[in-house]
Amino acid sequence: MHYIRPFAAARRIIHCSTLALVVLSFASGASAQTSAKPVATPGFSLAVFATGSGGLMSAPDSLAVLDGHVWVGYANNGAPDGSNGAMSLIVEYAQDGSVLKTYQVTGHNDGLKVNPYTREIWAMQNEDANPNLVIINPATGQASKPYSFARTLHGGGYDDIVFKDGQAYFSASNPTLNASGKNMGPAIVRVVHLDANSYTIDVTPVLRGSLDASNIPFGTVSTLNLTDPDSMTLTPAGDVLLDDQGDGQLVLLNASGGEPRVQFLPLLGNVQVDDTVFATARRGYLLVSDTKANVVYKISANVWQRDAAFSASTGVAATSSTPAVPAYVGQLDLRSGALLPLVTNLGSPHGMVFVPTDDQQ
């Protein structure tokens, strides 16, 4: 049995029992929430960073940051397989929220990441099927033609992107399940060849959609069926963190040579999340896109816990015995899977990014 080294930050996060109590209290009070506006937890403040202007500049989703400039992908409610002629807009902002440059791309943008090795922006379109990738060079202000893929092994598209050890990885989203409801294709793939002449990309499977993994809170081993691979990020330890959104869990992969080592974190209360990010400095702010509200919000605090994890939750639907929990952004306990609310009553939070303002703190 293989285990990934624990997160250093996990030891410093609030005890899971306390987090669970706060989350349950939040859920029990959800029905009393009457304000239509987002509400920040004491200790945090909320402001509008950017607002979509409509048309091609609507439905913000993925976020990225490079040299203090913020990049936002506006998907404009196009079909996630690109079938309705979807067009998206990638917008580069200054830190004051002013627009610097825009790039129109073909398809429904859902993945947006900085390639740290080339300092380019990779924009992935069409997470359900027919994926394509556009590479933007911020230094020249030029965007590539769309790179195409061969028929995907899992039957869907590609969603998010991470870069690790000089390699690029994609989450294999919207898999076609077999008759037993199993994902027999890959959940994560790695780029093996990117041809700048033919504008094609070849990939190879890295993580299977059905596999054994260790449960982080309890250490037991279970067979996972990853039916909804979605967002990805790198942890401070350099491991790949994959959001298996529809199944309410996060999957942790250490793919540095040899057999991949896999753990999973069931999210407390059947919460589903989209992006997860880590605070990379004590000074800075979180940005989160609220797709339905057509707004990118800025969450500020006097000080952040370095390496702490934060996730955007879609909320929890009401049951016969509990009220609904509105969508929110919270701090994630990586030991228990509890998500402590920071900003509540959001419409549909998706993309997130942490913007450091003082790397020396």
With the condition being of a type in the set (A, V, I, L, M), out of contact with any helix residue (DSSP H, G or I) (no Cβ under 7 Å at 6 or more places or on another chain) and closer than 19 Å to SER171 by Cα, I'd like the strands (runs of 3 or more DSSP E) fully within segment 114-155 carrying at least 1 qualifying residues. 120-125, 132-137
Those residues of segment 193-233 which are farther than 13 Å from SER171 by Cβ, touching a Lys or Arg at 6+ places or on another chain (Cβ under 8 Å) and part of a strand (DSSP E or B), in sequence order: THR204, SER210, ASN225
Does segment 338-354 hold any residues that are within 16 Å of the chain's Cα centre (by Cα) and among the small types (Gly, Ala, Ser), and which are they? SER348, GLY351
Go through segment 132-161 and give me each residue that's buried (at least 22 other Cβ atoms within 10 Å of the Cβ), of a type in the set (Val, Ile, Thr) and over 13 Å from GLN104 (Cα atoms). THR152, ILE161
Taking segment 33-63 on its own, how many of its residues are part of a strand (DSSP E or B) and within 23 Å of ALA129 (Cα to Cα)? 5
May I ask you to list the residues in segment 193-207 that are under 23 Å from the mean Cα position of the chain (by Cα) and without any contact (Cβ under 8 Å) to a residue 24 or more places away in the chain? THR204
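With the structure loaded, tell me whether LYS101 is over 20 Å from ILE161 (Cα atoms) and either buried (at least 20 other Cβ atoms within 10 Å of the Cβ) or charged (D, E, K, R) (or both) or whether it fails that test.
When the stated conditions are applied, LYS101 passes them.
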Would you please list the contacts, defined by Cβ atoms under 7 Å and residues six or more apart or on different chains, that run from a residue in segment 52-69 that is farther than 19 Å from ILE161 by Cα to a residue that is modelled with pLDDT under 95 and part of a strand (DSSP E or B)? none
Does any residue in segment 159-183 that is of a type in the set (Lys, Arg) come within less than 9 Å, Cβ to Cβ, of a residue that is buried (at least 22 other Cβ atoms within 10 Å of the Cβ) and not in a loop (DSSP other than H, G, I, E, B) six or more places away or on a different chain, and which pairs are these? LYS164/VAL240
Is at least one residue of segment 206-218 exposed (fewer than 13 other Cβ atoms within 10 Å of the Cβ), out of contact with any Ser or Thr (no Cβ under 7 Å at 6 or more places or on another chain), at pLDDT 95 or above and not basic (Lys, Arg)? yes
Could you say whether any residue in segment 70-84 is surrounded by fewer than 21 Cβ atoms within 10 Å (Cβ to Cβ) and over 26 Å from PRO229 (Cβ atoms)? no
Of the residues in segment 234-258, how many are among the polar types (S, T, N, Q), under 11 Å from the mean Cα position of the chain (by Cα) and in a strand (DSSP E or B)? 0
Among (1) in contact with a Lys or Arg (Cβ under 6 Å, 6 or more places away or on another chain); (2) surrounded by 21 or more Cβ atoms within 10 Å (Cβ to Cβ), where does ARG282 come up short? (2)
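The values are calculated or read from the model by the stated rules, or taken from the named source; none is laboratory data. Every value quoted in this text rests on a predicted model; they were computed, and no experiment measured them. When we count neighbours, we look across all protein chains shown, and the Cβ atoms used for this are built from the backbone with ideal geometry, even at glycine.
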